[in-house]
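One structure is given here, and the rest of the page talks about it.
None of the figures in this text is laboratory data; all of them are computed from the coordinates on show. Predicted model, so just to flag it, every value in this text is computed and none were measured. Please note: Cβ atoms are built from the backbone with ideal geometry, for glycine as well, and neighbour counts cover all protein chains shown.
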């Protein structure tokens, strides 16, 4: 399984850089092998090999349309693979938070309770778990408010509460702070950091390279659906990279 962390050459004229983030002895919680996803004529993911081990903090980076969101959905199992295979550790609990979380016209607490209901949590446990989750993300005082009228930052925290209430071992985050103001971004980042520190594996996509530096320990760079490098965060910002990743990094750093 360790080979999944060392993708074969897939670059657009450059080989993938091998991963250095996790010990090969650890069995992955989740892995894709030669995974491709096609939407009609568009090949959104091309022969991606990726393994995620317990406790890792992985950031997926790349330009718009590079395949980050598709990769997250493929990891979750929300989109079928056209080729390749997906392996999941037995009993793995995973949850996903989307860039624009959907809130029902229900109270914040009911939004969390519904997620627990859909996950098969017994009714007797739902309220206590929902209230604990809202308290965990600083929304205990908003429990009775309609989820749709909360601010953008509050809605993202509510989405994290919904996910956390499911007690995931692995959390997938799609641009978790996109379109949030600086204060809300900081609040959400603090929650992600706390979840990771508690042992939850985190795989997130982000355009914010400062955020990647702060939260990730491993970076996967994607371009045109191909995984061009998979390295430690320090290597990504300091070490040699494929040409496409270097150009991306130079173009993005001024926006940090």
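Brief remarks follow.
- Calculated FRET value between residue 224 and residue 144, using beta carbons and R₀ = 35 Å, to 0.05: 0.15
- Alpha-carbon Debye profile of region 129-256, log10 I(q)/I(0) at 0.10 Å⁻¹: -0.37
- Each listed q (0.15 Å⁻¹) maps to a log10 I(q)/I(0) for the chain from the Debye sum over equal C-alpha point scatterers, namely -1.05.
- Theoretical ellipticity at 222 nm over the chain - DSSP helices of four or more residues, -39500 (n - 2.57) apiece, nearest 500: -10500 deg cm²/dmol
- Alpha-carbon Rg with Dmax, taken over region 72-117, Å: 14.2, 41
- Added length on full extension, which subtracts the Cα-Cα distance from 0.36 nm per residue, residue 250 to residue 197: 16.1 nm
- Over region 100-167, relative contact order from alpha-carbon pairs under 8 Å, at least 6 apart, %: 47 percent
- Result for the chain in a Gaussian network model with C-alpha springs under 10 Å: among 57, 38, 123, the largest mean-square fluctuation is at 123.
- Residues 236, 39 in ascending order of nearby Cβ atoms (within 10 Å, fewest first): 39, 236.
- Pairs of alpha carbons in region 206-256 whose separation is greater than 13 Å (percent): 55 percent
- Extended-chain gain in nm, criterion 0.36 nm per residue less alpha-carbon gap, residue 83 and residue 98: 2.9 nm
- Acute angle (nearest 10 degrees) that the helix 182-197 long axis makes with the longest principal axis of the chain, alpha-carbon atoms: 80 degrees
- Cα radius of gyration and Dmax for region 100-167 (Å): 10.4, 31
- Both the radius of gyration and Dmax for region 55-146 are 16.4, 47 Å, in that order, over alpha-carbon atoms.
- Rounded to 10°, Cα long-axis angle of helix 152-165 versus longest principal axis of the chain: 90 degrees
- Relative to the longest principal axis of the Cα atoms of the chain, the long axis of helix 108-118 lies at roughly 70 degrees.
- Volume per residue that the Cα convex hull of region 161-227 spans, once the total is divided by residue count, Å³: 104 Å³
- Antiparallel bridge percentage (DSSP; both residues within the chain; nearest 5): 55 percent
- Selected from 89, 59, 74 as most flexible by GNM, with the chain as the system and alpha-carbon contacts under 10 Å: 89
- Normalised by the number of residues in the chain, the mean separation of alpha-carbon contacts (under 8 Å, six or more apart) gives a relative contact order of 29 percent.
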